[in-house]
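Before any comments, here is the structure.
The values are calculated or read from the model by the stated rules, or taken from the named source; none is laboratory data. For clarity, every value in this text was computed on a predicted model and none was experimentally measured. Don't worry about glycine lacking a Cβ; one is built from the backbone with ideal geometry, like all the others, and counts go over all protein chains shown. Heavy atoms of the whole protein, side chains included, go into the accessibility calculation; ligands, DNA and RNA do not. Shrake-Rupley method; radii C 1.70, N 1.55, O 1.52, S 1.80 Å.
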Amino acid sequence: MPAFSVSGKIVWEPSAELIAESNLTAFMKAHDLRSLDELQHRSTTDLPWFWNAVLEDLKIQFRRPYSSVVDLSRGMAWPQWCVGGVMNIVDNCPR
């Protein structure tokens, strides 16, 4: 896979304080990830770990738990997400 490159001037960078207080930093600390590169690598090489961690971090609730977070048996182009799970989106809306 080719590397993503950015050209041009960066118009905004977050402060060290904002980075330290971010949800992304909290997620990385909770999973003992020491760098964004490490997170990106793990998120693309271990899809079940990553998406289970994201759903847990976001506190997404299911009325019936899923048996597998992702099924790629039909190929990467046709994933099945949260196989067997039942969700009502209303359960996941702030009250």
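Structure data summary
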quantity	calculated
Identity of the residue in the range 18-45, of a type in the set (Gly, Ala, Ser) and more than 22 Å from Leu72 (Cβ to Cβ), that ends up surrounded by the fewest Cβ atoms within 10 Å (Cβ to Cβ)	Ser35
The range 1-17, residues that are of a type in the set (A, V, I, L, M) and open to solvent by 100 Å² or more (accessible area, probe 1.4 Å)	Met1, Val6, Ile10, Val11
Positions within the range 62-95 being open to solvent by 80 Å² or more (accessible area, probe 1.4 Å) and in a loop (DSSP other than H, G, I, E, B), in sequence order	Arg63, Pro65, Ser67, Ser73, Arg74, Met76, Trp78, Met87, Pro94, Arg95
Test: Pro79 is under 22 Å from Ala26 (Cα atoms) and either touching a helix residue (DSSP H, G or I) at 6+ places or on another chain (Cβ under 6 Å) or not β-branched (Val, Ile, Thr) (or both)	no
Filter result (assigned to a loop (DSSP other than H, G, I, E, B), closer than 23 Å to Leu55 by Cα and more than 15 Å from the chain's Cα centre (by Cα)) within the range 6-34	Glu21, Arg34
Close pairs from the range 65-90: first within 18 Å of Asp46 (Cβ to Cβ), partner modelled with pLDDT of 95 or more and acidic (Asp, Glu), Cβ under 7 Å, at least 6 apart	Pro79/Asp71; Gln80/Asp71; Val83/Asp71
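Here's the yes/no breakdown for (1) of a type in the set (S, T, N, Q); (2) in contact (Cβ under 8 Å) with a residue 40 or more places away in the chain; (3) over 19 Å from Trp81 (Cβ atoms):
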| site | (1), (2), (3) |
| --- | --- |
| Ile19 | no, no, yes |
| Asn23 | yes, no, yes |
| Lys29 | no, no, yes |
| Arg34 | no, no, yes |
| Thr44 | yes, no, no |
| Trp49 | no, no, no |
| Ala53 | no, no, no |
| Lys59 | no, no, no |
